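Asks: To start, I am sharing the structure in question, which I have written as structure tokens.
The values are calculated or read from the model by the stated rules, or taken from the named source; none is laboratory data. Note that this is a predicted model, so its numbers are computed, not measured. When we count neighbours, we look across all protein chains shown, and the Cβ atoms used for this are built from the backbone with ideal geometry, even at glycine.
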Amino acid sequence: MLDITSKPLVEITGMCKWYGEFSALHDINLSVHEGEKVVVCGPSGSGKSTMIRCINQLEAHQKGTISVNGAEVSPDMKNIEQIRREVGMVFQSFNLFPHMTILDNLTLGPMRNRGVSRADATDLAMHYLERVHIAQQAEKYPPQLSGGQQQRVAIARSLCMKPKVMLFDEPTSALDPEMIAGVLDVMIELAEEGMTMIVVTHEMGFARKVADRVVFMDEGEIIEVAEPEEFFNNPQSDRAQLFLSQLLGH
Amino acid sequence: MRGYVSQATPRNRRIRDDTGFDLGQFARTLTQVGQAVLVFFIIGYLIWRGAQAMEYNWQWYRIEPFFYRVIDGETIWGPLVRGLVQTLKLAGIAGVIAILIGFATAFARLSSSISGRVIATTYLEAVRNTPLLVQLFLFYFVLAPIFGIDRFWAGVLCLSFFEGSFAAEIIRGGILGVDKGQYEGGDAIGLNKVDKYRFIIIPQSLPLILPPLTGLLISLIKHSAIVSVIAVSELTTAGLNLIADTFMAFEIWFLVAGMYLAVTITLSIGVSLFERTLQKGR
């Protein structure tokens, strides 16, 4: 199904990151091919978020290389915006712009980064708002929407940049339980359309359904990479077994 | 601890208990207002008695030409009104420059450039830790002759740099008050640094910045009185000149203080109305 012979879209080799003396990430190696869906899981503080935040350089890494779509990203690069438009990101806390309407939230990126005209950007925005089932709210402001709706808007905002890969940083962790399904549905639809996705989540149902690979991290290292069935039914490492038993044990 | 069973009233039965007119509360308010009136009366009386003991000759009937005169049906503004206009002009120009300086300094302090941070911090510390009067003399006696600027602009620039240092901290605080996630949101959709500040950070920091900044404008109007020592023809200077002419020191200082008060209180009311609209906008 996957064309593994092609050049990977995101390639991380030997990446390390420290906060002062504290080693946040150690020797991370991961490549994600076009159309692949990777779910990253692990206990809190294991470096999952930090790892995906390094991909679009919201966090700077200190050692190793990260390349996106063939171009290497580094902390001191000039045209980081050109990398970032290829990499959509959805945050745990949505990070919508509360002083702008939903529509303006969506059109800002395409207009300023890609130089799209306002009319085209509006068409684009409405198209994606319809896809996340929220088009009728376009003129409202983010605080007027529920958490689940805001997160769907955030997904649409990222899609407006027509990214090659989407990063999700615990997209459902800040949501009320009844809001989670709507957001996951949108993400599943996106996956079915062939979007390349790297998702940090605790939603193991989503991982089983969508993921091509599950990456298990602990204490800043990748411990295990496996297909979901393999990972959930037969985890190799003790730490993954412990994590899964804590997650599924109740 | 013993078990506690909640006895809370259900929400739909919580009725506000308004008993109408409260005589006790009204009496207390009345007493307090009475106390305030009494204190002001005593102060006023002491001033009046003191002035009488000095045999001060109150001449309130002479003040009208200080404001305006009508000659041949033409209104000619008096020195106090012209002084007030100069004060407002001085404070207005200085306010605009102070805000520009404030933004520049705030961004310099927040920047990653070491030289920017050093220059901004040096400026802030120098301005905040020397007396305003000394700064004014520096501008008037040192910088003005060097750069060939007149006394009005020396006063404007001095006030601008003084208030600019306070504006810088207000603006910096407002920018830091914007949530970190907003920067990341802007980064994630590929905005460059300028666009990120222009469309996302600054618009959200304005509600935090504007109220204290308008407060700064009020103190700028008050501080502008100091330029009278370099004889800029503003309100305080106009007062000084009138006293030299008429010896009506008591009346004129009351008038000058009253005029400053009228301007600043008007501004304060304006600011609080403005703040209320901002609050509603949330």
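Asks: Filter the range B:176-188 down to residues that are among the aliphatic types (A, V, I, L, M) and surrounded by fewer than 21 Cβ atoms within 10 Å (Cβ to Cβ) and give me whichever is farthest from the other protein chains (Cβ to nearest Cβ).
Replies: My answer is B:Leu176.
Asks: Moving on to the next point. Being β-branched (Val, Ile, Thr) and farther than 19 Å from A:Val200 by Cβ is true for just one of A:Thr50, A:Thr65. Which residue is that? Explain how you work it out, then say what you get.
Replies: Values: A:Thr50 fails: farther than 19 Å from A:Val200 by Cβ.
Criteria check complete, one pass: A:Thr65.
Asks: Consider the range A:108-136. How many of its residues are crowded, with 21+ Cβ neighbours inside 10 Å, part of a helix (DSSP H, G or I) and more than 14 Å from chain B (Cβ to nearest Cβ)?
Replies: Qualifying residue count, the range A:108-136: 1.
Asks: Before we move on, is B:Leu84 among the aliphatic types (A, V, I, L, M), modelled with pLDDT of 90 or more and in the same structural domain as B:Asp245 (by TED's automatic domain parsing)? Even if it seems obvious, please write down each step before you answer.
Replies: Numbers: among the aliphatic types (A, V, I, L, M): yes; modelled with pLDDT of 90 or more: yes; in the same structural domain as B:Asp245 (by TED's automatic domain parsing): yes.
Yes, satisfied.
Asks: Right, here's the next one. Only one residue in B:Val134, B:Val194 is hydrophobic (A, V, I, L, M, F, W, C), in a helix (DSSP H, G or I), surrounded by fewer than 17 Cβ atoms within 10 Å (Cβ to Cβ) and within 14 Å of chain A (Cβ to nearest Cβ). Which one?
Replies: Exactly one residue qualifies, and that residue is B:Val194.
Asks: Which members of the range A:46-58 meet the condition of being without any contact (Cβ under 8 Å) to a residue 60 or more places away in the chain and farther than 16 Å from A:Glu11 by Cα?
Replies: A:Leu58
Asks: I'd like the residue in the range A:93-107 that is polar (S, T, N, Q) and buried (at least 18 other Cβ atoms within 10 Å of the Cβ) and, out of all such residues, is farthest from the other protein chains (Cβ to nearest Cβ). It would help to see each step written out before you state the result.
Replies: Of the range A:93-107, the ones polar (S, T, N, Q) are A:93, A:95, A:101, A:105, A:107.
Imposing the further condition that a residue be buried (at least 18 other Cβ atoms within 10 Å of the Cβ) reduces the set to A:93, A:95, A:105, A:107.
Numbers: A:Ser93: 5, A:Asn95: 3, A:Asn105: 9, A:Thr107: 10 Å.
Checked the range A:93-107; the qualifying residue farthest from the other protein chains (Cβ to nearest Cβ) is A:Thr107.
Asks: Take A:Val153 and tell me if it is among the β-branched types (Val, Ile, Thr), under 29 Å from A:Glu11 (Cβ atoms) and modelled with pLDDT of 95 or more.
Replies: Here the answer is no, as A:Val153 does not meet what is asked.
Asks: Going through the range A:137-151 one residue at a time, which ones are farther than 12 Å from A:Val183 by Cβ and of a type outside the set (Ser, Thr, Tyr)? I'd like the intermediate steps shown before the answer.
Replies: First, the residues of the range A:137-151 that are farther than 12 Å from A:Val183 by Cβ: A:137-145.
Within the range A:137-151, A:Gln137, A:Ala138, A:Glu139, A:Lys140, A:Pro142, A:Pro143, A:Gln144, A:Leu145 qualify.
Asks: Ok, one more. Filter the range A:163-184 for residues that are surrounded by fewer than 14 Cβ atoms within 10 Å (Cβ to Cβ) and either under 16 Å from A:Lys37 (Cα atoms) or charged (D, E, K, R) (or both) and give the result.
Replies: Result: A:Asp176, A:Glu178.
Asks: Go through (1) of a type in the set (Lys, Arg); (2) at the interface with another protein chain (Cβ under 8 Å from one of its Cβ atoms); (3) more than 27 Å from A:Thr201 (Cβ to Cβ) one by one and return the number of the condition A:Arg85 breaks.
Replies: Checking A:Arg85 against (1) of a type in the set (Lys, Arg); (2) at the interface with another protein chain (Cβ under 8 Å from one of its Cβ atoms); (3) more than 27 Å from A:Thr201 (Cβ to Cβ), the one that fails is (3).
Asks: Test B:Phe147 against the stated conditions and say whether it is hydrophobic (A, V, I, L, M, F, W, C), touching a helix residue (DSSP H, G or I) at 6+ places or on another chain (Cβ under 8 Å) and assigned by TED's automatic domain parsing to the domain that holds B:Ala108. Walk me through how you get there before you give the answer.
Replies: Working: hydrophobic (A, V, I, L, M, F, W, C): yes; touching a helix residue (DSSP H, G or I) at 6+ places or on another chain (Cβ under 8 Å): no; assigned by TED's automatic domain parsing to the domain that holds B:Ala108: yes.
When the stated conditions are applied, B:Phe147 does not pass them.
Asks: With respect to the numbered conditions (1) touching a helix residue (DSSP H, G or I) at 6+ places or on another chain (Cβ under 7 Å); (2) within 26 Å of B:Gly155 (Cβ to Cβ); (3) among the charged types (D, E, K, R), which one is the sole condition not fulfilled by B:Lys89?
Replies: The number of the failed condition is (1).
Asks: What do you reckon, is A:Ser74 more than 9 Å from chain B (Cβ to nearest Cβ) and surrounded by fewer than 17 Cβ atoms within 10 Å (Cβ to Cβ)? Let's see the steps before the verdict.
Replies: Details: more than 9 Å from chain B (Cβ to nearest Cβ): yes; surrounded by fewer than 17 Cβ atoms within 10 Å (Cβ to Cβ): yes.
So A:Ser74 passes the test.
Asks: Do we have any residue at all in the range B:213-229 that's within 14 Å of another protein chain (Cβ to nearest Cβ) and surrounded by fewer than 18 Cβ atoms within 10 Å (Cβ to Cβ)?
Replies: Taking the range B:213-229 as the starting set, the residues that turn out to be within 14 Å of another protein chain (Cβ to nearest Cβ) are none.
No, the range B:213-229 contains no residue that is within 14 Å of another protein chain (Cβ to nearest Cβ) and surrounded by fewer than 18 Cβ atoms within 10 Å (Cβ to Cβ).
Asks: If you check every pair at least six apart or on different chains, which have Cβ atoms under 8 Å apart with a residue in the range B:26-55 that is more than 27 Å from B:Ala249 (Cα to Cα) first and a residue that is assigned to a helix (DSSP H, G or I) and of a type in the set (A, V, I, L, M) second?
Replies: The qualifying pairs do not exist here.
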